Amino acid sequence: MSAMEEFTQAPLRAWAPVLSKVKKAVVFMDDRCAEALHWSGGFAALLEAGARNLKQFSSFEACGANEPKAVFVVSSLLKGRTVDIIRDVIALSHFQYCVVFTCVPHSVHLFANHVTAELEGSPVFEQFEDKLCEWMGNMNYTAEVMHAPVAFAPVSQQLLLAPAFAHLFPLLPPDLRAINAKRPEKKKLGSLQDVDMSALPVELQVEVRSLVSALNSLFDGTGTREESFAVGPMSRIIAGELANHPQARHRRKTAANKASIIFVDRTLDLTGAVGHHGDNLVEKILTALKPLPGHVTDVQVDLSELTSLQQTPHTHNPLAPGCLAQTQEPAARLLWEAMLSTKQKEAVMEVRRHLVEAASKEKLPIKMSMGRVTPEQLCSYIKLFRSSWESLQGHSGVLQLGLATAQTLRHPSLPRWDACLAFERLLLQALSDSDLPAVLRQLLPLMKPRGGEDSSPSGSRFREDECGPDELILLLVYLYSLATESHQDVEEGELDKLERELMGALTLVFTQEKELSPLVQKITGCSTPEDLTTDRAHSAVEDMFETLRSLSHTRDHLKQLHSVYTPSDGVHQASYRPFLKQILEEVFRPDSSECPDLEHTSGGLTELLKTGFSMFMKVSRPHPSDNNLLFLFVLGGVTPSELRLIKETVHTHKPGTQVLLLSTRLLRPTDIPELLFATPRLVPDIGV
């Protein structure tokens with residue numbers, strides 16, 4: 001088994017302690033753990049291990065008198081709301097045996113309870129076991145509480161996600177003001193580079209320590225000794241915590257395998273995250289289809305075309321949706337890998353090929369057609385499987401991926417995707433010749449309510465390619481994250497005046513919407529247009545622009561990787577330079593020269609001594625390319641197109657290197673504004 005396969009299998013092995021306890025039990029699991037399980041075998045893994053049922057982790061769930069055993073699997077601390085829900089479920093049930101698994105290790109529980117001394121055993125877990133027996137009504141009943149590092153989900157052979165940390169995002173300048181507001185005047189921090197672990201709110205420290213523990217468990221389970229590097233303030237904090245983790249120090253002394261890991265803040269390149277230039281099928285699927293309830297990454301696939309049910313105008317949500325996570329069927333896994341790592345045209349043709357092969361294997365009367373693949377053609381192949389339950393069951397994974405593709409290709413939102421791509425290209429070229437106010441001025445004509453007189457001939461409906469509030473926000477993030485590349489002097493007064501015009505126009509767009517999108521709801525805190533007053537909309541837009549301005553300075557501290565933009569030189573057009581690609585190009589330079597922006601964090605005292613000696617003698621430092629296995633951990637999410645980009649860059653520069661991407665979520669373009677503008681940003685929901 002290769003090193004890459006070892007790591008993609010590690011999340012599956014992490015579930016072994018849980019699966020060993022679920023026999024004859026009803027399992028209660030929160031959404032974050034359920035999403036990790038979803039990509040690691042799903043409900044089928046629990047059933048095969050002997051579980052009787054799987055229920056939502058909710059105070060409104062319970063078990064009958066004939067169900068005496070329960071297993072709780074949670075991603076949060078055993079405090080606050082999490083404890084309340086466990087107690088409520090037990091009170092409504094008749095349990096005699098309770099097992100609780102938490103993704104948060106005992107050491108972090110001690111920290112959250114303000115215990116700094118090293119204690120023998122697991123006193124917090126032991127005390128909670130006593131509480132469980134007390135709630136069950138008999139101290140002689142059995143209760144067990146333990147840590148299970150089920151944080152990672154193997155989404156593909158090259159990508160591990162951590163759903164439990166999906167809302168963990170790098171720091172921004174507005175966060176620095178919030179941190180400084182609670183510090184004495186003489187101890188206020190000057191920049192995000194000055195922020196260390198102790199300066200973060202306790203809730204965020206708990207989140208970071210839990211993530212570091214999950215990473216340590218991942219490396220421990222594969223016997224790996226890592227060299228850590230970081231780019232960005234938040235990544236530096238996390239990498240430093242991993243380097244100083246007590247268990248990690250012990251592991252690095254005995255581990256046989258070696259790897260390098262580079263932590264990268266997503267905020268250093270938001271252009272790639274909100275842009276529509278990826279040419280990736282999965283990216284469009286994630287954007288077009290509704291999210292699977294309770295999940296961050298997966299989507300709902302309507303399976304009604306596999307049945308004889310009649311669709312009506314009132315049918316909105318599928319009763320039992322399909323999904324993208326197909327872990328049981330080898331052909332579906334291969335197809336999913338192809339969809340993730342190839343361009344859209346190639347991926348769609350691969351979908352057709354798999355459907356044709358499946359139909360031929362089942363001897364179904366398929367009519368071959370060459371040329372362009374259409375959603376109607378894919379659906380015609382898929383409908384052939386309705387006549388045979390065995391065929392449908394045997395190829396359900398490929399059929400679900402095929403339906404996801406067809407439903408995306410005919411989705412009414414795709415014209416807006418193309419419109420956004422066209423605007424982004426215009427903005428990219430405009431930055432070569434104009435300053436930021438001039439480019440922002442080009443956005444003003446777009447800032448108008450949808451369905452206006454200019455929108456369509458009738459004036460009653462908006463065009464399918466017309467930009468709504470979501471698209472306008474994405475264009476603003478795209479532009480501001482590139483704004484440092486406009487090197488011409490900008491008069492602050494002119495910029496302020498133009499931004500006020502944009503704020504007023506965007507406020508009007510928000511208040512004129514007949515139905516608020518999920519993104520607008522989260523930015524404004526209002527669920528209906530009736531709740532969204534002009535004052536509330538304007539206040540939300542003002543806060544949004546404050547954050548947007550800070551995006552122009554996220555790379556100011558970098559010495560070499562300070563640009564993601566190549567201006568036009570008269571021969572070549574202006575272009576976007578992906579930050580992750582630049583990092584890999586620096587890592588794989590033939591001369592292995594040091595990049596000043598890649599901070600080595602695993603050295604400790606040894607590294608400090610080397611830094612001192614390097615002033616008067618040549619000193620060799622660890623380099624990310626020293627090891628054939630490289631991890632890129634992108635804090636804040638990655639896009640499917642970046643997965644393909646990394647694969648192509650490695651193949652071009654150093655084919656023998658294995659690169660595994662780790663991140664907190666697989667991004668849709670609208671995820672970034674939600675993470676940027678959601679409030680409060682510095683207090684993650686960890687169940688305290």
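The values are calculated or read from the model by the stated rules, or taken from the named source; none is laboratory data. Here the structure is a predicted model, which is why all the values come from computation and not from measurement. Reconstructed Cβ throughout: ideal geometry from the backbone, glycine too, with neighbour counts over all protein chains shown. We work out accessible area using only protein heavy atoms, side chains counted, and drop any ligands, DNA or RNA first. Shrake-Rupley method; radii C 1.70, N 1.55, O 1.52, S 1.80 Å.
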Inset, instruction - Hey, can you tell me all the residues within segment 136-183 that are closer than 20 Å to SER75 by Cβ, touching an Asp or Glu at 6+ places or on another chain (Cβ under 6 Å) and in a loop (DSSP other than H, G, I, E, B)? - result: LEU168
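One line per residue, one yes/no per condition, for (1) open to solvent by 30 Å² or more (accessible area, probe 1.4 Å); (2) without any contact (Cβ under 8 Å) to a residue 24 or more places away in the chain:
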site	(1), (2)
GLU134	yes, yes
VAL155	no, no
LEU159	no, no
PRO170	no, no
ASP175	no, no
ARG183	yes, yes
SER191	yes, no
VAL195	no, no
Inset, instruction - Inspect all residues belonging to segment 102-115 and state whether any of them is over 30 Å from SER198 (Cβ atoms), open to solvent by less than 50 Å² (accessible area, probe 1.4 Å) and not in a loop (DSSP other than H, G, I, E, B). - result: no
Legend entry - Residue in segment 46-65 that is over 26 Å from LEU159 (Cβ atoms), modelled with pLDDT under 95 and open to solvent by 50 Å² or more (accessible area, probe 1.4 Å) present: yes
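Can you say whether GLU144 is surrounded by fewer than 16 Cβ atoms within 10 Å (Cβ to Cβ) and under 22 Å from MET29 (Cβ atoms), as far as the supplied structure shows?
Against the criterion (surrounded by fewer than 16 Cβ atoms within 10 Å (Cβ to Cβ) and under 22 Å from MET29 (Cβ atoms)), GLU144 qualifies.
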Inset, instruction - Return the pairs, sorted by first residue and then second, in which the second residue is outside any helix (DSSP H, G or I) and at pLDDT 95 or above, the first residue lies in segment 197-223 and is more than 16 Å from ALA148 (Cβ to Cβ) and open to solvent by less than 10 Å² (accessible area, probe 1.4 Å), the beta carbons are less than 7 Å apart, and the residues are 6+ apart or on different chains. - result: VAL206/LEU77
Inset, instruction - Quick one: ARG13 ticks every box in (1) basic (Lys, Arg); (2) out of contact with any Lys or Arg (no Cβ under 9 Å at 6 or more places or on another chain); (3) not in a helix (DSSP H, G or I) except a single one, so which number is it? - result: (3)
Inset, instruction - Check off (1) in a loop (DSSP other than H, G, I, E, B); (2) open to solvent by 60 Å² or more (accessible area, probe 1.4 Å); (3) in contact with a helix residue (DSSP H, G or I) (Cβ under 8 Å, 6 or more places away or on another chain) for LEU532 and give me the number that stays unchecked. - result: (2)
Inset, instruction - Taking the residues in segment 449-469 that are touching a helix residue (DSSP H, G or I) at 6+ places or on another chain (Cβ under 7 Å) and modelled with pLDDT of 85 or more as candidates, determine which candidate is most open to solvent (accessible area, probe 1.4 Å). - result: PRO449
Legend entry - Residues of segment 547-559 classified as open to solvent by less than 70 Å² (accessible area, probe 1.4 Å) and either over 28 Å from GLN582 (Cβ atoms) or not hydrophobic (A, V, I, L, M, F, W, C) (or both), total: 6
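Look at PHE128 and say whether it is of a type outside the set (Lys, Arg), open to solvent by 30 Å² or more (accessible area, probe 1.4 Å) and part of a helix (DSSP H, G or I).
no
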Inset, instruction - Go through (1) surrounded by fewer than 18 Cβ atoms within 10 Å (Cβ to Cβ); (2) out of contact with any Leu (no Cβ under 8 Å at 6 or more places or on another chain); (3) touching a residue at least 12 places away in the same chain (Cβ under 8 Å) one by one and return the number of the condition HIS395 breaks. - result: (1)
Legend entry - Filter result for the condition that a residue is among the hydrophobic types (A, V, I, L, M, F, W, C), modelled with pLDDT of 95 or more and either open to solvent by 40 Å² or more (accessible area, probe 1.4 Å) or not assigned by the TED database to the domain that holds ARG665 (or both), over LEU303, LEU334, LEU364, LEU384: LEU334
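For LEU431, state whether it is more than 30 Å from HIS38 (Cα to Cα) and surrounded by 22 or more Cβ atoms within 10 Å (Cβ to Cβ).
yes
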Inset, instruction - Consider MET349 carefully, then state whether it is of a type in the set (A, V, I, L, M, F, W, C), under 26 Å from GLY42 (Cβ atoms) and assigned to a helix (DSSP H, G or I). - result: no
Legend entry - Qualifying residues in segment 22-44 (those that are assigned to a helix (DSSP H, G or I) and at pLDDT below 95) - the one farthest from the chain's Cα centre (by Cα): ALA44
Inset, instruction - Being in contact with a helix residue (DSSP H, G or I) (Cβ under 8 Å, 6 or more places away or on another chain), of a type in the set (S, T, N, Q) and open to solvent by 40 Å² or more (accessible area, probe 1.4 Å) narrows it down to one of SER308, SER341, SER260, so name that one. - result: SER308
Inset, instruction - With a cut-off of at least 3 residues that are at pLDDT 90 or above and in contact with a helix residue (DSSP H, G or I) (Cβ under 9 Å, 6 or more places away or on another chain), name the helices (runs of 4 or more DSSP H) lying wholly within segment 538-656. - result: 579-587, 640-653
Inset, instruction - Looking only at segment 319-326, decide whether some residue is over 24 Å from PRO163 (Cβ atoms) and either within 33 Å of the chain's Cα centre (by Cα) or assigned to a helix (DSSP H, G or I) (or both). - result: yes
